[in-house]
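Shown next, in structure tokens, is the structure this report addresses.
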Amino acid sequence: APGENITMCWIPAGEFMMGSPAGESGRSEDETQHRVKISKAYWLAKTETTQAQWQAVMGNNPSNFKGVNLPVETVSWDAIASAGGFLSRVNERAGGGALYSLPSEAQWEYACRAGVSDVSDNLGSVAWYDYNSGGQTHPVGQKQANAWGLHDMQGNVWEWCNDWYGTYQLGVSTDPSGPASGLARVL
């Protein structure tokens, strides 16, 4: 089954400060810091989905930069998460025992931070980005993993979350999932 080729990492339940401190480089106005509780542990893919994984499930490769171990790119949220999309096909082939889904924005950021408050330290050792990528994607898993074993949480390609884009719920929140509807999904 395609899911067998997706290595997963266990992400423990816990709390963190979601958003960015006022002085953090690259911070946007809508990233007000607030405490978030993740009440249940969950699994998250160790790396971004590769083009080989996408091809095996979807039968095509929409990426601009081609390579079996490169992350798939130029895919819409619908192509991943809607009925008939990548995740629904993986779930069908997994035989009902597993349920793959996109993380919420809170789950994604919690996993990205992996217990660290400033994820911009030593960016070049953990991420392909403007200043070290040569303007192209790179094979997944080449940079250092974070404390929970996840690679490429920063850089390489944008990653979709399940949430609709919207203003953060301030104050302490538990398992936030964003607004019920909106105009765009969270990247």
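The values are calculated or read from the model by the stated rules, or taken from the named source; none is laboratory data. All figures in this text were calculated on a predicted structure; none of them were measured in a lab. Quick reminder, even Gly has a Cβ in these numbers, built from the backbone with ideal geometry, and neighbours come from all protein chains shown. Just the protein is used for accessible areas: all its heavy atoms, side chains included, with ligands, DNA and RNA removed. Shrake-Rupley method; radii C 1.70, N 1.55, O 1.52, S 1.80 Å.
The table that follows gives values for the structure above.
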| quantity | calculated |
| --- | --- |
| Sole residue being within 25 Å of residue 82 (Cβ to Cβ), small (Gly, Ala, Ser) and assigned to a loop (DSSP other than H, G, I, E, B), chosen from 117, 101 | 101 |
| Only listed residue being in contact with a Ser or Thr (Cβ under 7 Å, 6 or more places away or on another chain), in contact (Cβ under 8 Å) with a residue 24 or more places away in the chain and closer than 25 Å to residue 183 by Cβ, chosen from 157, 140 | 157 |
| When residues of segment 18-34 are limited to those that are under 16 Å from residue 116 (Cβ atoms) and touching a strand residue (DSSP E or B) at 6+ places or on another chain (Cβ under 6 Å), the one surrounded by the most Cβ atoms within 10 Å (Cβ to Cβ) | 18 |
| Selection status of residue 133, in a loop (DSSP other than H, G, I, E, B) and at pLDDT below 95 | no |
| Residue 3 in contact with a Lys or Arg (Cβ under 8 Å, 6 or more places away or on another chain) and either modelled with pLDDT under 95 or more than 17 Å from residue 110 (Cα to Cα) (or both) | yes |
| Restricting segment 125-137 to residues that are in contact (Cβ under 8 Å) with a residue 12 or more places away in the chain and surrounded by fewer than 12 Cβ atoms within 10 Å (Cβ to Cβ), the residue that is farthest from residue 111 (Cα to Cα) | 136 |
| Residue list for segment 88-118, restricted to those being open to solvent by less than 30 Å² (accessible area, probe 1.4 Å) and among the β-branched types (Val, Ile, Thr) | 90 |
| All positions within segment 64-80 that are among the small types (Gly, Ala, Ser), within 15 Å of residue 185 (Cβ to Cβ) and surrounded by fewer than 18 Cβ atoms within 10 Å (Cβ to Cβ) | 76 |
| Residues of segment 35-47 satisfying the condition of being open to solvent by 70 Å² or more (accessible area, probe 1.4 Å) and either under 16 Å from the mean Cα position of the chain (by Cα) or polar (S, T, N, Q) (or both) | 43, 46 |
| Residues satisfying the stated conditions in segment 155-168, i.e. buried (at least 16 other Cβ atoms within 10 Å of the Cβ) and part of a loop (DSSP other than H, G, I, E, B) | 155, 156, 157, 159, 160, 161, 162, 163, 166, 168 |
| Those helices (runs of 4 or more DSSP H) lying entirely in segment 5-94 with at least 1 residues acidic (Asp, Glu) | 77-81, 86-93 |
